[in-house]
Amino acid sequence: MSCSKYIGCWLSRTLIETGSAKGDGIQYALNAGFQMVFSIEIDPAYYEHCVKRFQGNGRVILMQGDSKEILPEILAKTNEPVTILLDAHVTGPNQKHGEKLCPVIDELKAIIDHSKSDQGKNLRHIIVIDDINWLDGKQEWYGNISVKDIKNTLKDSGYEITEQTKRYCVIQRL
């Protein structure tokens, strides 16, 4: 079961999601009470599906492209704490992806860089990484990323994993 169903546990005014897929995470976020949802999807078919599904919903902003490039752009316009759901990864061998099968390390680096900027230095974003059960080589198309790689990326950033289950982890700035 995806952590998206529980995304309301980490409620802020805004959710930024990487990896829209069919839009279920977006819908869960809206139902949980997020006032605004930004969602990034690289796969054109998934993106078009979400455009149709959320057409006319002013609380949803969809962007198509690589989260490695788009997430920093969204963060640059962020001036309040947000919840960030990192869920961009391929789900099978034929799915479209960016430079990497799973951009989670690049996404974390973008969040850390934003947190070091004048604009982001006082913001306490909540980061949720979904599907960590696929890390450590458990799914070949997920890449060779491990939980240890995530912890090494967070080292000296001010962010730490504050909750970890078999399925997801929560990272907060302490």
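The values are calculated or read from the model by the stated rules, or taken from the named source; none is laboratory data. Here the structure is a predicted model, which is why all the values come from computation and not from measurement. For neighbour counting, all protein chains shown are included, and Cβ atoms are generated from backbone atoms with ideal geometry for every residue, glycine included.
Among the candidates 99, 107, the residue that is in a helix (DSSP H, G or I), among the acidic types (Asp, Glu), at pLDDT below 95 and under 28 Å from residue 148 (Cβ atoms) is uniquely 107.
Among the residues of segment 125-135, is there at least one that is in contact with a strand residue (DSSP E or B) (Cβ under 8 Å, 6 or more places away or on another chain), in a loop (DSSP other than H, G, I, E, B) and either hydroxyl-bearing (Ser, Thr, Tyr) or at pLDDT 85 or above (or both)? Yes - at least one qualifying residue is present in segment 125-135.
Against the numbered list (1) aliphatic (A, V, I, L, M); (2) out of contact with any helix residue (DSSP H, G or I) (no Cβ under 8 Å at 6 or more places or on another chain); (3) part of a helix (DSSP H, G or I), residue 61 comes up short only at (3).
Inside segment 36-64, residues that are modelled with pLDDT under 95 and surrounded by fewer than 15 Cβ atoms within 10 Å (Cβ to Cβ) make up a count of 2. Of all residues in segment 142-165, those satisfying the criterion of being surrounded by fewer than 16 Cβ atoms within 10 Å (Cβ to Cβ) and small (Gly, Ala, Ser) are 146, 158.
Just to be sure, is residue 173 modelled with pLDDT under 85 and either surrounded by 14 or more Cβ atoms within 10 Å (Cβ to Cβ) or under 15 Å from the mean Cα position of the chain (by Cα) (or both)? So residue 173 fails the test.
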